[in-house]
Ligand code: NAP
Ligand code: F7E
């Protein structure tokens, strides 16, 4: 008998990779999708199946984390073996603008799922994964951070996720439910939302290299993150729910890097040397040199001459509007428990992650430029 999984947040970065992974494992995957005025299923369109087909393995349901009755009905109809609760207002900076909504979706939304499973009498059948986060560590109390490190959340997002973390633990202890937290550190990919820092950088640098963007404005360049690849991290979600007993796990690479170094590395991936000068809001990133062979191979020879003209230009600048009222300055995780108990091991390091994201964005941005220029760059697009 194939297993049935329900994924909230199926249209997001992790939801897309996890759906594909579970379908390959033979699961029937159900996903909850918000109603939107435009299609927002780009990340899972390759998995979509016509509703008129028999034996579909991907089934979408309209729903929302703020609607208890809707969630309860869907869970009652599906009777899932596993629920992956990935839906969230997941942007930290946006949570300062929408704190109540973030608390409702990210905090109470988790309670709604747990309570639906309990009220429907599914506590012994349905295993629940809760998408917890390294943001819980916030103003870090220990370096590196592990499962026992005390939390100190620094944003409405993190505070909402702290409620979700503890209500998951509480339902596990109170009702003997198989409910687990994956405390995942930042994970990125070509599918990452465009306003998170890594994707903002790989998109912008690709466009700058292709000559379709002048510069990019960033926030705090000195904060440090422990970045992994989403493809590795969704495997950990699955493993967490396959254990004999429910528990909470940190998932991280154990390597931390500043935003500044991420930008320099992303440019280096396409043969561009970027030097940073100045401090605080006056800091800038200046194109110092270009390696013609690497640039030609990764971007395209026909873009090289124009790009060389830009040596000496300031292409990275700081705009304080991207600073956060309270910042998380340093994250670095210790995933020893996951490595030893789950046998989890990431395949991608930071360089491989950056190479994947840059290659994808160069390709996408070439296509965008081609469509915008009405064919002007047709040769470059097909090269
Ligand atoms: P994401 O790309 O922002 O996806 C979030 C998903 O939640 C989207 O499908 C979104 O739908 C959905 N959603 C938002 N509000 C909703 C609502 N009110 N009702 C129903 N669905 C709603 O996030 P992600 O990067 O895949 O992350 C997945 C989960 O892991 C999130 O809970 C996030 O907070 C957590 N997390 C992420 C990271 C990371 O580094 N990526 C690290 C730790 C924890 P739309 O497509 O309609 O917007
Ligand atoms: O910021 C700094 C920013 O928005 C990372 C979410 O998936 O991971 C994510 O949260 C850092 C911060 O991710 C810009 O100040 C500088 O220090 O990519 P981010 P995040 O806040 O770490 C955690 C684990 C989650 O759980 C969340 O759901 O980069 N930064 N300049 C910038 N950040 C953004 N977004 N844009 C900038 O221009």
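Quick notes
- Among 143, 290, 250, a tally of other beta-carbon atoms within 10 Å of each Cβ gives an order, fewest to most, of 143, 290, 250.
- Where the Cα pairs of region 103-144 fall when distances are cut into 10 Å bins, in %: 23, 37, 25, 14, 0
- Ellipsoid fit via the Cα gyration tensor, region 67-145: semi-axes of 28, 17, 9 Å, each the root of five times an eigenvalue, largest first.
- With the convex hull drawn over the C-alpha atoms of region 57-209, the volume per residue is 141 Å³.
- Normalised by the number of residues in region 230-369, the average gap of Cα pairs under 8 Å and 6 or more apart makes the relative contact order 32 percent.
- Per the Debye calculation on region 275-314 with a single equal scatterer at every Cα and no solvent contribution, log₁₀ I(q)/I(0) for q = 0.15, 0.16, 0.23 Å⁻¹ amounts to -0.42, -0.47, -0.73.
- In this simple spin-label model, placing a label point 7 Å from the Cα along the Cα-to-Cβ direction at both residue 212 and residue 341 gives a separation of 4.7 nm.
- Once both labels are positioned 7 Å from their Cα atoms along Cα-to-Cβ, the gap between residue 329 and residue 53 label points is 5.3 nm.
- Cα centroid of region 36-105 to Cα centroid of region 271-287, whole Å: 40
- The ellipsoid that matches the Cα gyration tensor of region 3-147 has semi-axes, each √(5λ) in whole angstrom, of 26, 18, 17, with the longest given first.
- Folded to 0 to 90 degrees: helix 68-78 orientation relative to the chain principal axis, Cα: 80
- Rg over Rh, two decimals, region 174-249 (C-alpha only, Kirkwood Rh): 1.17
- Estimated [θ] at 222 nm from DSSP helical runs (n ≥ 4, -39500 (n - 2.57)) normalised by residues in the chain, nearest 500: -11000 deg cm²/dmol
- For 69, 177, the sequence from fewest to most other C-beta atoms within 10 Å is 69, 177.
- Antiparallel content of DSSP bridges confined to the chain, in %, to 5: 25
- Region 1-46 - Debye-derived log10 I(q)/I(0), Cα point model, q = 0.20 Å⁻¹: -0.61
- Here the contact order of the chain, divided by its residue count and restricted to Cα pairs under 8 Å and six or more residues apart, works out to 16 percent.
- Top of 141, 130, 89 by mean-square fluctuation, Gaussian network on the chain, Cα under 10 Å: 141
- Share of alpha-carbon pairs per 10 Å distance bin for region 309-370, given as whole %: 14, 20, 37, 22, 7, 0
- Counted residue by residue at 0.36 nm each, then reduced by the alpha carbon distance between them, the extension gain from residue 305 to residue 62 reaches 82.5 nm.
- Gain upon complete extension [residue 76, residue 282; 0.36 nm per residue less C-alpha separation]: 68.6 nm
- Debye equation applied to the C-alpha atoms of region 122-204, log10 I(q)/I(0) at 0.13, 0.17 Å⁻¹: -0.53, -0.80
- Here r is the Cβ-Cβ distance between residue 247 and residue 104 and R0 is 35 Å; the resulting FRET efficiency, rounded to 0.05, is 0.80.
- Peptides ranked, highest mean first, by Cβ atoms within 10 Å: ranges 60-66, 197-203: 197-203, 60-66
- Measuring r between the beta carbons of residue 35 and residue 293 and using R0 = 35 Å, the FRET efficiency lands at 0.10.
- Top of 85, 40, 186 by mean-square fluctuation, Gaussian network on the chain, Cα under 10 Å: 40
- C-alpha center-to-center spacing [region 118-136, region 236-259] in angstrom: 16
- Computing FRET efficiency as 1/(1 + (r/R0)^6) for residue 170 and residue 364, where r is the C-beta to C-beta distance and R0 is 45 Å, gives about 0.55.
- Taking all pairs of distinct alpha-carbon atoms in region 226-329, Kirkwood radius in angstrom: 17.1
- Evaluated on region 40-86, the Kirkwood hydrodynamic radius is 12.5 Å, with distances taken between all distinct Cα atoms.
- Shape summary of the chain, radius of gyration then Dmax from alpha carbon positions: 21.8, 67 Å.
- Taking label positions 7 Å along the Cα-Cβ direction at both residue 141 and residue 322, the computed distance is 3.2 nm, reported to one decimal.
- Selected from 16, 288, 116 as most flexible by GNM, with the chain as the system and alpha-carbon contacts under 10 Å: 288
None of the figures in this text is laboratory data; all of them are computed from the coordinates on show. Fair warning: this is a prediction, and the values are worked out from it, not measured in the lab. Because the Cβ atoms are built from the backbone with ideal geometry, glycine has one as well, and the counts that use them run over all protein chains shown.
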